[in-house]
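Structure record follows, encoded as structure tokens.
The values are calculated or read from the model by the stated rules, or taken from the named source; none is laboratory data. All values derive from a computational prediction rather than experimental measurement. Backbone-built Cβ (ideal geometry, glycine too); neighbour counts: all protein chains shown. Ligands, DNA and RNA are excluded from the accessible area calculation, which covers all protein heavy atoms including side chains. Shrake-Rupley method; radii C 1.70, N 1.55, O 1.52, S 1.80 Å.
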Amino acid sequence: MFNDCCTAFYIGDFVSAKELCKPVLDYTWEKLNTGYWKDVDVNWRYMYTLGSAVLSICKYITETKSDMDEDLYRDITKTIDTGILMGAPVFDNVLDQLMHAFSDLYKNSVKSVTVNKRKLIEEDKHIDEKTKKAFPSAAGSEKIIINSDKEIKRCYRPSLETFKHQYLDNHTAVILTGLMDHWPAVNGSKSWSLDRIRSLAGHRLVPVEIGSKYTEENWTQSLMTVNEFIEKFINNSSGCTSTGYLAQHQLFDQIPEMREDIIIPDYCCLGSEDEVDINAWFGPQGTVSPLHQDPKENFLTQVFGEKYIRLYTTDFTKHVYPHETMLLKNTSQVDIENPDFKRFPLFRNASYSECILKAGEMLYIPKEHWHFVKSLSVSFSVSFWWK
């Protein structure tokens, strides 16, 4: 069937190609959602990428009148983003190239700036009082008292040598300050607010975790646009009682315009590999990452909002009772907010350090250190994993 689709596409019968492409994508979608993701044959992902590329082009050719309207642009964007999220890169990231091309076409088709768009531009230049209230640094945040004896140390702009010898080599957590002041996402006309995020990524499709934590039985995931996520889970316009979290998503690969607003910490050059994994963490107050560990060094950077973080060194691995299953072996069985000491008696003797990570601060989390994270307000964090 895909061969027939491609034949129709190459001879210029875009109407037939579009109709033939839809069942191909439906069938491939079923293959992608059967069993564990890690076991999916990569060829099905390639197929989904190619099908998404063909369908997006056919939609543009067959449905564009004089200019690309907003509804068509959103529809094409959804098709491409689904392909990016579910597929695998082929032909020099053809879907990324198509996204840039369609974005340029849409921008060129917009001949006048509406009052609402002028307002968004002004809000990008000057964060108004309404936006400031959206990200309270104190008011509206959950209050947690930090034990001064356990508080993680802060260090202002240490040199590479100081960071390496005092913290990296000793596997010691530290909050680094003054290092994000030059990030466009943090300071200046491009600093991130809900409106700024909407303007950069509002129409883009992203995976959202739904549920209090990924260890719960009712936890699930759903694809939705960033605008839909903000309305449902940040603004809570529908009175939704569940928690939504855009967590551990490679948003900056998907949306390069957002990548331009953040900067990889210089300290990552101290690793043995050049590659740095960058993930976004965006959600309302109350989102939780249960106690877990990661196999790489981590800089958790706070763009806006505040997070409570608790750390346990690898010396206390047996005290935190990791799950015995392979899928969750990097996650503790203990609910640290309500520990069951009868089931997990050693946890009572597990020493920890803690902090409230504030906007513009960067927390170094050593490799394999156990960490619990909870958002105290609307929050956007960026993690940099390196080794």
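Observations
- Helix-only CD estimate at 222 nm, as mean residue ellipticity for the chain, using -39500 (n - 2.57) per DSSP H run (n ≥ 4): -9500 deg cm²/dmol
- Cβ-Cβ distance of M1 and Q97, R₀ of 30 Å, FRET efficiency by 1/(1 + (r/R0)^6): the value works out to about 0.75.
- Radius, Kirkwood style, for the range 1-101 when every pair of distinct Cα atoms is counted (Å): 13.8
- Our estimate of slack between Y46 and E368, defined as 0.36 nm per intervening residue step minus the Cα-Cα distance, is 112.6 nm.
- Restricting attention to the range 1-87, the count of lysine pairs at 8 or more positions apart or across chains with alpha carbons under 29 Å apart stands at 14.
- In percent, rounded to a whole number, the relative contact order of the chain is 17, using alpha-carbon pairs under 8 Å and six or more apart.
- Heavy-atom accessible surface of the range 326-379, averaged per residue, reaches 46 Å², computed with a 1.4 Å probe.
- A crude spin-label estimate for the pair N187 and Q250, with each label 7 Å from Cα along the Cβ direction, gives 3.1 nm.
- Span-like helix criteria (full DSSP H runs; alpha carbon extent of at least 30 Å along the helix axis; mean Kyte-Doolittle hydropathy of at least -1.0) are satisfied in the chain by 42-63.
- For the pair the range 350-387 and the range 1-73, the centres of their Cα atoms are 40 angstrom apart.
- Kirkwood Rh, angstrom, the range 257-369 [1 / mean 1/r, Cα pairs]: 15.9
- When Rg and the Kirkwood radius Rh are both evaluated on Cα atoms of the range 170-256, their ratio Rg/Rh stands at 1.04.
- q = 0.07, 0.11 Å⁻¹: log10 I(q)/I(0) that the Debye formula gives for the chain, counting C-alpha atoms only: -0.37, -0.89
- Rounded percent of accessible protein surface that carbon and sulfur make up, the chain, 1.4 Å probe: 50
- Chain lengthening between R154 and K65 when straightened (0.36 nm per residue, less Cα-Cα): 26.3 nm
- Using a probe of 1.4 angstrom and keeping all protein chains present, the accessible surface of the range 1-95 works out to 57 square angstrom per residue.
- One chain, two ends: C269 and M326. Fully extended at 0.36 nm per residue, the span grows by 17.4 nm beyond their Cα-Cα distance.
- Within straight-line cross-link reach of K153, aspartates and glutamates at Cα separation under 17 Å, skipping those fewer than 8 residues along the same chain: D169, E306, E354, E361
- Where Cα atoms sit under 18 Å apart: lysine pairs in the range 230-387 separated by 8 or more or lying on different chains: 11
- Each residue of the range 258-271 is assigned a 3J(HN,Hα), and the resulting list reads 6, 4, 5, 8, 10, 9, 5, x, 4, 5, 5, 5, 6, x Hz, derived from the Karplus form 6.51 cos²θ - 1.76 cosθ + 1.60 (θ = phi - 60°), x at Gly and Pro.
- Peptides 47-55, 183-191, 362-370 ordered by average Cβ neighbours within 10 Å, highest first: 47-55, 362-370, 183-191
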